[in-house]
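Q: Just passing along the structure, written as structure tokens.
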Amino acid sequence: MSARLMANPQLRPTLGGRAPRDEMPAPPRAMAASAQKGNRRRAWPRWTKPAIKSALVLVPVLLLAGAAGSAWKRASLAETMAAARESVMDASGALGFTLNEILVVGRTETERAAVMDALGVRRGEPILAIDLADAKQRLEELPWVSGASVERRLPGILYISLSERQPMAIWQHDRQFTVIDRAGRPLADAVELARRGNQRIDTLPQVIGANAPQQVQSLLAALDRVPTIRPRVTSASWISDRRWNLQLDNGVTVKLPEGDGMPMALRQLAELEATGKVLDRDIVAIDLRQPERAVLQTNATAQLPGWEDESKKKPNGKKT
């Protein structure tokens with residue numbers, strides 16, 4: 001190499017033909033950001049994520065194994081399994097799976113205290129230890145409850161949905177008044193509900209008779225078919241364990257036949273009311289026990305359209 005070239009300050013020797021580090025071009029901004037991001041990712045070792053997954057799987061297994069080992073010396077397998085289950089439940093409670101709140105929907109007539117007594121749970125206990133099937137069964141034994149569902153909403157909520165029976169009548173027996181549903185099942189004491197201010201009690205008809213609740217379903221079904229008559233029924237008496245007498249809101253007594261003749265007799269009464277407004281007349285009773293025939297008992301001064309001729313034949317005017 002000549003002395004002229006060595007003396008030239010613009011020419012500097014390079015190693016392997018590469019430019020010096022201080023003369024390398026600056027990387028683009030995007031490349032610099034990517035490099036910094038890569039450095040941040042490498043802050044956690046590559047084995048960290050698999051180790052966390054393994055721990056989540058192994059911890060419950062180790063808890064169960066420890067519980068089984070501590071209970072191995074017990075007398076029976078059942079006691080061993082029970083002790084293991086209790087240990088696991090305690091461990092779940094320590095992890096935060098405890099009962100903190102109870103949500104109940106669908107409750108109208110059932111008392112809150114009755115629901116809590118039926119559940120038999122307490123705040124702070126492990127929620128995984130609650131027997132949902134047993135809780136459902138106890139809830140459905142309550143008088144008002146026709147169906148129930150019990151769910152866990154982890155980590156700490158017990159969700160309960162209730163379906164309640166509908167009160168349909170008040171059964172009067174032995175100087176007691178009991179609210180019953182359509183099937184005749186006793187629901188509650190009517191006097192107690194009235195004392196609490198339950199306004200639905202005043203709208204329910206009364207049924208009277210020792211075995212009236214067992215027969216009320218067929219009566220209500222027949223009354224459903226005569227919507228003009230049903231609202232006027234204030235009470236129904238089960239007579240001689242064979243048939244019904246109805247008491248209407250105007251004091252008129254309707255004597256119904258036995259068995260399958262009852263629905264037909266009620267339809268006949270609805271037709272008489274629609275055509276002749278017999279229930280608005282001065283009568284005290286309507287006897288429908290004979291097929292396709294209505295016997296009206298009136299007061300002595302009763303005047304019914306179309307019945308004047310028969311009234312002249314019977315001066316007393318007792319029956320027409």
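The values are calculated or read from the model by the stated rules, or taken from the named source; none is laboratory data. The shown structure was predicted, so the numbers you read here are calculated from the model rather than taken from an experiment. Side chains are part of the model used for accessible areas, which takes the heavy atoms of the whole protein and leaves out ligands, DNA and RNA. Shrake-Rupley method; radii C 1.70, N 1.55, O 1.52, S 1.80 Å.
Q: Over the alpha carbons of the range 162-204, what is the largest minus smallest coordinate on each principal axis, giving the biggest first in Å?
A: 29, 22, 17
Q: Send over a whole-number figure in Å² for the accessible area per residue of the range 133-211, probe 1.4 Å. Please report the intermediate quantities before stating the final value.
A: Numbers: 4340 Å² over 79 residues.
Solvent-accessible surface per residue comes out at 55 Å².
Q: Can you give me the P(r) profile for the range 243-300? Cα pairs, bins 5 angstrom wide beginning at 0, each as a whole percent.
A: Answer for the range 243-300: a P(r) of 4, 21, 32, 28, 12, 3, 0 percent.
Q: Please quote Rg/Rh for the range 155-298 to two decimal places, taking the Kirkwood radius as Rh and restricting both calculations to Cα atoms.
A: Values: Rg = 17.5 Å, Rh = 16.4 Å.
Looking at the range 155-298, the ratio lands at 1.07.
Q: Report Rg (one decimal) and Dmax (nearest whole number) for the range 112-216, counting Cα atoms only, units Å.
A: Answer for the range 112-216, Rg first and Dmax second: 17.0, 52 Å.
Q: With the calculation restricted to Cα positions, what are the radius of gyration and Dmax of the range 216-277 in angstrom?
A: My reading of the Cα-based Rg and Dmax gives 10.8, 33 Å.
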